[in-house]
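These notes are about the structure you will find just below.
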Amino acid sequence: MYSWSLYNGLVKASENIDGQWAQVQTQYQRRFDLIPNLVNSVKGIMNQEKEVFSALAEARTRYAGAVNVDDKVKAANDVESSLGRLLVIMENYPQLRSSETVLTLMAQLEGTENRISVERSRFNDVVKVYNTKIKRFPANVFSSVYGFDEKFYFESQSGADEVPGVNL
């Protein structure tokens, strides 16, 4: 009876991780849906920053084609880096900030970035609960038999704490 209960608890914890990762991906998708609108709005005002727009589009494409969490995290971090450069550009061009469309899209994007941060934190919380369950005795004996392996936390790529530079 204990084995049955333990197995079901591990399945539930594993499913919670998958569900929470889906929430992270939902927020990433929201971000990626907003990016083309923002890019098109900004492109209408300035054309010389094609490199930033290309980097955003390329990172977005890499995310869509990623097959595992690590690849998705790397692509998402590339998007964040490109968005940081775009924000610096916007600060240097007051006419961009005065565009109502750009302001609205930037506000939505900032809200999405906050949502992503919250969902990442929640993802790491459910991973912690799961990993703790499979490492505690006697669950650690059964978890390896049943094939419940340790899950990895969402971690930022190295250099994510550095401010992106923009060379105009």
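A short reminder: the numbers here are calculations on the coordinates, not readings from a lab. Not measured: the values here are computed from a predicted model.
Go through Lys12/Lys151; Lys74/Lys135; Lys72/Lys133; Lys74/Lys133 and tell me which ones have a Cα-Cα distance over 22 Å in this structure. Before the final figure, lay out each step's value.
Values: Lys12/Lys151 14 Å; Lys74/Lys135 28 Å; Lys72/Lys133 26 Å; Lys74/Lys133 28 Å.
Pairs exceeding the cut-off: Lys74/Lys135; Lys72/Lys133; Lys74/Lys133.
Starting at the first residue of segment 61-77, write each ³J(HN,Hα) from the Karplus equation 6.51 cos²θ - 1.76 cosθ + 1.60 with θ = phi - 60°, in whole Hz, x for Gly and Pro.
Values per residue, Gly and Pro as x: 5, 4, 5, 4, x, 5, 10, 9, 4, 4, 5, 5, 4, 4, 5, 5, 5 Hz.
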